[in-house]
Amino acid sequence: MKINAISIAILFASALLRICPCFGQSNVVFYGASTNAIGVVFVDTNLSVATQAAIVSDLQLCLQDWGKRTEFRLGADDPAFVAHLYNPKISPHYPETIGFPDNVVSNGASGLALQIPKSLSDAYTNAFAFANANSNIVAAAYEFVAFVSSSNFIAISSNSLPNYLLQKDVATNMIIAKAQESISDLRCQTYYPPSLLGFQYSAVGPSATNLWMRIPCSSPSGVGKVEWSPFPAIWHEEKWKFCIWN
C-alpha cells in the first residue's frame, strides 16, 4: 500500500511534537536542552499548509536529539537576519550539500522565527516526491532504524547478520564468522530516524545505481560529550542494510 510522503513526514515526527507544549503558532520547532520554542516562516509563500507542516515535522525530527546542543545567538553577519541558531555540528540528518536552517528573522507580532529558504523547501518538495514514489521503501527505512535501535537487534543470531549488513569484498560466511564482534561494534552507537532528505541515489555500491540512507547516530566522546555522524545504509535485495563500502 502506498503512503503519502507528507503523511510519512508528519507521522514519524508528530509523536515528537505531541510531547512539546503548544505556543499558539501553527509552525513551531523546539530546540535546545530545555525545549526552547521558535516559530518557522517560509520564503516560498506558495507552499501548501500540508507541505509546511511536513517540513516542520521533519525539522523537528532532526532537532529532537541532535538539536539539544543548539543555541540561540543574537546578531548575524547579514542585516536581513536578527539572530541565528547555532549548533557546533553539521546535521547528521542532511546530505553534505544541504545546510540545516539557522537564520532567524523578525516575524512581526509573532516575534522571531526560523527562516526556511526556498532552496531548502524545494529540496523537501523533491524529497516528498521521492517518498511518494517509494513509500514502502521509506517506511521500511524507519522500521529498519527502529529495529537496530532496539534490544532485539543485539540478540539476533550470527547467521542473521547478513540480512542487516553488507560489506564490500566481504563474503557472507566471513560476515557470519565475525558477526558477534560486528554486532557489538554497531551497538556502540545510538541510531535515530532519518530525515526525508537523507535518501540519495549514487553509483557507489554493488549496482549501477544504489539508494543510500544517512542514519543519524551518536556515540560517547569523552565525559559528558556526544559525537554525531551519519551511518550509511543501502537498499539491497529488497531490504535495508548497514553498508561498509569504501
Open item on the list: Can you say whether Asp58 is buried (at least 20 other Cβ atoms within 10 Å of the Cβ) and of a type in the set (Asp, Glu), as far as the supplied structure shows?
Closed with: yes
TODO: Please tell me if Leu211 is assigned to a helix (DSSP H, G or I), at pLDDT 95 or above and under 16 Å from the mean Cα position of the chain (by Cα).
DONE: no
Open item on the list: Which residue is nearest to Val138 (Cα to Cα), if the candidates are limited to the stretch 171-194 and must be without any contact (Cβ under 8 Å) to a residue 12 or more places away in the chain and in a loop (DSSP other than H, G, I, E, B)?
Closed with: Ala171
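Yes/no per residue for (1) in contact with an Asp or Glu (Cβ under 8 Å, 6 or more places away or on another chain); (2) surrounded by fewer than 14 Cβ atoms within 10 Å (Cβ to Cβ); (3) in the same structural domain as Ala54 (by TED's automatic domain parsing):
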site: Pro88; (1), (2), (3): no, yes, yes
site: Phe100; (1), (2), (3): no, no, yes
site: Leu112; (1), (2), (3): no, no, yes
site: Gln115; (1), (2), (3): no, no, yes
site: Tyr124; (1), (2), (3): yes, no, yes
site: Ala139; (1), (2), (3): no, no, no
site: Phe144; (1), (2), (3): no, no, no
site: Phe147; (1), (2), (3): no, no, no
site: Ser150; (1), (2), (3): no, yes, no
Task: Within the stretch 166-190, considering residues that are farther than 22 Å from Ser229 by Cβ and under 28 Å from the mean Cα position of the chain (by Cα), the one surrounded by the fewest Cβ atoms within 10 Å (Cβ to Cβ) - done: Gln180
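Tell me, please, whether a residue that is of a type in the set (A, V, I, L, M, F, W, C), assigned to a loop (DSSP other than H, G, I, E, B) and either in contact with a Gly (Cβ under 7 Å, 6 or more places away or on another chain) or more than 25 Å from Gln52 (Cβ to Cβ) (or both) can be found in the stretch 128-142. Give the derivation first.
Here is the first cut: in the stretch 128-142, the residues of a type in the set (A, V, I, L, M, F, W, C) are 128-131, 133, 137-141.
Restricting the remaining residues to those that are assigned to a loop (DSSP other than H, G, I, E, B) gives none.
No, the stretch 128-142 contains no residue that is of a type in the set (A, V, I, L, M, F, W, C), assigned to a loop (DSSP other than H, G, I, E, B) and either in contact with a Gly (Cβ under 7 Å, 6 or more places away or on another chain) or more than 25 Å from Gln52 (Cβ to Cβ) (or both).
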Open item on the list: Can you find, within the stretch 63-109, the residue that is modelled with the lowest pLDDT among those that are more than 14 Å from the chain's Cα centre (by Cα), among the acidic types (Asp, Glu) and not in a strand (DSSP E or B)?
Closed with: Asp77
Task: Single residue of Ser221, Ser229 found to be closer than 22 Å to Cys62 by Cβ and surrounded by fewer than 14 Cβ atoms within 10 Å (Cβ to Cβ) - done: Ser221
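The values are calculated or read from the model by the stated rules, or taken from the named source; none is laboratory data. Computed from a predicted model, the values in this text were never measured in an experiment. Cβ: placed from backbone, ideal geometry, glycine included. Neighbour counts: every protein chain shown.
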